[in-house]
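Below is one structure, written out as structure tokens, with a few remarks after it.
The values are calculated or read from the model by the stated rules, or taken from the named source; none is laboratory data. Computed from a prediction, not measured in an experiment: that's the story for all the values here. Note: ideal-geometry Cβ built from the backbone for every residue, glycine included; neighbour counts use all protein chains shown. All accessible areas refer to the heavy atoms of the entire protein, side chains included, with ligands and DNA or RNA removed. Shrake-Rupley method; radii C 1.70, N 1.55, O 1.52, S 1.80 Å.
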Amino acid sequence: MTGQERSEEKSECVSLSPMMEADPALPESERVCVFGTGDLGHSLGLRLLQAGYGVVFGSRRPHSSSRLPHGAQVLGHAAAAQSAHLIFIAVQREHYDFLVPLANQLKGKVLVDLSNNLRKNQYPEANAEYLQSLVPGAEVVKGFNTLSAWSLQNGPSDANRQVYICGESAEAKEAVIAVATKLGLSALDRGSISVARELEDFPLQLFPQWRLPLRIAIGLSAAFFFYLLIRYVIYAYVTQGKDISFRIMVSLANQVCPIVSLIMLSLCYLPGVLASFLQLYRGTKYRRFPNWLDRWMLCRKQLGLLSLGFAFLHVLYTLIIPIRYSVMFWVTEHTVSLIRENRTTEFDTTTAWRSDSYLSLGILGFGLYVLLGITSLPSVSNALSWREFSFVQSKLGHLTLLLCTAHTYLYGWNRFLSSSTYKWYTPPGYMLCLVLPSVVLLLKLLLITPCVDRTITRIRQGWERGADQRNPKDSQPLIP
């Protein structure tokens, strides 16, 4: 280390001297204390300093705390506790014992518990409740535990802005909410300290909104994989004695991916169609949907993103078709065979039209697919108005479904007329995957007819069937 680097490090550590008292120039409301000098405490202190707060760190080893943000102070726990009214506890539950001797210094203070556990139900009570039992004279608030050190350092531009808090004291929660607001975060009060266990379980959840879509995707992929394996690979081996198992890696996968993608895209728009017909049947929008439909509608974004992922795989598998060994071998053999037999093949205009149309619809559908995926990102959707977002996700979404369905119909063309298509009397996979999107599009066509669309619009604006008969005066026109 050079002398200049030593002097710079020394100047940065001047404000970290354990003997330094808290800055008396700042009022107590503008000073906060952070117990804990790990990654989370460091990131939180840095964010507080950037927001204009005076930050005092409490550490069991203040002399060795030399990597804290410039401008912060570091003191022993007892001295740090006396410097601020609001104290963030950024240590794990196993180390709460040091707070017991500080009960007198912490009396009347607001303690914000940031801790989490490694698994659910790890302890008989929530960490915040345990902290309250250790320091009964303090006001404990559970909060900021859903934020990571990385998200705190990333600043308010990050999409993860919401924090949940709970506690018994309304005044203590207001103080914490004020700090969160100044940090550019959105705080949501979840109630009393009894909710702390629920808040501590939030970071332990592993893709809760993705579980159902992932199960659907895995189930559909497995079902169609084995179905196509039987129809193509096993059928060829049993009936013709051919071993075409090499097709499993690319050809079979390139059939499964578009099938699953189209079905899952249909599942994104089917619940909206069902909800519209349910509102038509009930004649009101003020009755709750069934739980299964409500849960289905809440995971439409995840279904759509998984569908887009399968579409991407289909595109990649299609792009590598020309460089596959089996394809190059077949093209070479076919060309050599034509030369040996001195034969030529005539250009088929119908086939050319079908092929180009099939590819063009696939490209257009995939382009809109990508647009739907981009607009579902929080950073993009937050920049759109509700009308713009609805236009993209609804109007262009149904157009995407129409283009992809037409792409699949052109792929099949007139093959359904050939008996050789139905191996072991089973329809090909693309025929099966066309059932659901065709039903969704037909139902949507019924909903956009003028008479039905007008009724749906009135219901969504608050009109209820039978309300005019119950309140005849409300239905009478105003006479000027």
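When you look at residue 128, is it touching a Cys at 6+ places or on another chain (Cβ under 9 Å), under 14 Å from residue 167 (Cβ atoms), among the hydrophobic types (A, V, I, L, M, F, W, C) and in a helix (DSSP H, G or I), yes or no?
So residue 128 fits the description; yes.
Listed here are the residues, each with its yes/no results for (1) out of contact with any Pro (no Cβ under 6 Å at 6 or more places or on another chain); (2) among the small types (Gly, Ala, Ser); (3) closer than 28 Å to residue 440 by Cα.
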site	(1), (2), (3)
196	yes, yes, no
199	yes, no, no
202	yes, no, no
221	yes, yes, yes
258	yes, no, yes
272	yes, yes, yes
276	yes, yes, yes
281	yes, no, yes
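Mind listing whichever residues of region 395-430 are free of Cβ contacts under 8 Å to residues at least 60 places away in the same chain and under 25 Å from residue 447 (Cα atoms)?
395, 396, 399, 402, 403, 406, 407, 409
What tally of residues in region 101-138 results from selecting those that are more than 15 Å from residue 35 (Cβ to Cβ) and buried (at least 24 other Cβ atoms within 10 Å of the Cβ)?
1
Between residues in region 101-128 that are of a type in the set (Val, Ile, Thr) and residues that are open to solvent by less than 30 Å² (accessible area, probe 1.4 Å) and not in a loop (DSSP other than H, G, I, E, B), which pairs lie under 6 Å by C-beta distance while being six or more apart or on different chains?
From residues that are of a type in the set (Val, Ile, Thr), the pairs are 110/86; 110/172; 112/88; 112/141; 112/143; 112/176.
For residue 182, which of the numbered conditions (1) under 25 Å from the mean Cα position of the chain (by Cα); (2) within 19 Å of residue 30 (Cβ to Cβ); (3) open to solvent by 40 Å² or more (accessible area, probe 1.4 Å) fails to hold?
(1)
Of everything in region 240-259 that's in a helix (DSSP H, G or I) and free of Cβ contacts under 8 Å to residues at least 24 places away in the same chain, which residue is nearest to residue 321 (Cα to Cα)?
251
So which residues in region 337-375 are among the aromatic types (Phe, Trp, Tyr) and in contact with a Leu (Cβ under 6 Å, 6 or more places away or on another chain), if there are any at all?
Once the filter is applied, which keeps residues that are among the aromatic types (Phe, Trp, Tyr) and in contact with a Leu (Cβ under 6 Å, 6 or more places away or on another chain), region 337-375 yields 358, 369.
So which residues in region 70-85 are open to solvent by 10 Å² or more (accessible area, probe 1.4 Å) and not polar (S, T, N, Q), if there are any at all?
70, 71, 76, 77, 78, 79, 85
Output yes when any residue across region 208-231 is out of contact with any helix residue (DSSP H, G or I) (no Cβ under 8 Å at 6 or more places or on another chain), surrounded by fewer than 16 Cβ atoms within 10 Å (Cβ to Cβ) and under 23 Å from residue 379 (Cβ atoms), and no when none is.
In the first step, residues of region 208-231 are kept if they are out of contact with any helix residue (DSSP H, G or I) (no Cβ under 8 Å at 6 or more places or on another chain); the result is 208, 211, 215, 218-219, 222-223, 226.
If we keep only those that are surrounded by fewer than 16 Cβ atoms within 10 Å (Cβ to Cβ) as well, we get 208, 211, 215, 218-219, 222-223, 226.
Checking which are under 23 Å from residue 379 (Cβ atoms) leaves us with 208.
Yes, region 208-231 contains at least one residue that is out of contact with any helix residue (DSSP H, G or I) (no Cβ under 8 Å at 6 or more places or on another chain), surrounded by fewer than 16 Cβ atoms within 10 Å (Cβ to Cβ) and under 23 Å from residue 379 (Cβ atoms).
Would you say residue 422 is of a type in the set (Ser, Thr, Tyr), under 30 Å from residue 253 (Cα atoms) and open to solvent by 50 Å² or more (accessible area, probe 1.4 Å)?
Here the answer is yes, as residue 422 does meet what is asked.
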